[in-house]
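Just below is one structure, and these are the notes that go with it.
Here, each number is a calculation from the coordinates, and none is a lab measurement. Please read these numbers as outputs of a predicted model, since none were measured by experiment. When we count neighbours, we look across all protein chains shown, and the Cβ atoms used for this are built from the backbone with ideal geometry, even at glycine.
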Amino acid sequence: MWMRSLTEFIENSQDKREVKRAVAVKMLLSGYKHEAIMPILGVSSGFISKWKKAFFQNGIEGLKLAHKGSKGFLNLQQRSELIEWLKTKDRWTLNELEYQIASKYGVVFESKQSYYDFFNEARISWKKTQADNPKHDPELVASKKKKFVHSWKHDETKLSLES
């Protein structure tokens, strides 16, 4: 019975840490010694003992991860809506995303990284927030180029006269 429950757990678990725990216990119950299990799984003798004890005290539940992470501020549906909204836009700004989340869902993240994660999830580079370089002004560039060329020619003439 124990072996069958361990095998089912190993086949169905999505977390490799839980699987490693269960495999260590299953190998031990199958007659393997600690010395044989340790190099195969890359674990210590203490690891094997700890999870064997947890298994015998709590069954399969003893092998599962205790911490499942914190609950997100937005549920799955809200996150999906937000990703779809991002995908419909041609241009994005961080401020616009912040405003959308705050006004629609009442959530303000402390870290900018949370907003960048939404861009990543939507497969959008957050650096694509502007169509053009806001400092690029063709007339200003042409004017500076003209001044530079004029100054350079003036300096070149001056240097050739001094030689």
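Look at Thr7, Thr88, Thr157 and count the other Cβ atoms within 10 Å of each Cβ; fewest to most, that gives Thr88, Thr157, Thr7. For the chain, the percent of C-alpha pairs falling in each 5 Å distance bin, counted from 0 to the bin holding the largest distance, reads 1, 7, 12, 10, 7, 5, 6, 8, 9, 9, 6, 4, 3, 3, 3, 3, 2, 2, 1, 0, 0. What's the local net charge at Lys52, with K and R +1, D and E -1, over the other residues with C-beta under 12 Å away? Here the charged neighbours net out to +4. At full extension, Glu96 and Val108 could sit 3.1 nm farther apart than now, given 0.36 nm per residue minus the alpha carbon distance.
Quick one: compute a quarter of the convex hull surface over the Cα atoms of the range 76-128 and quote it in nm².
On the way: hull surface 13.4 nm².
It is 3.3 nm².
Our estimate of slack between Leu76 and Ser49, defined as 0.36 nm per intervening residue step minus the Cα-Cα distance, is 5.9 nm. For the pair the range 18-51 / the range 102-117, the C-alpha centres are spaced 43 Å from each other.
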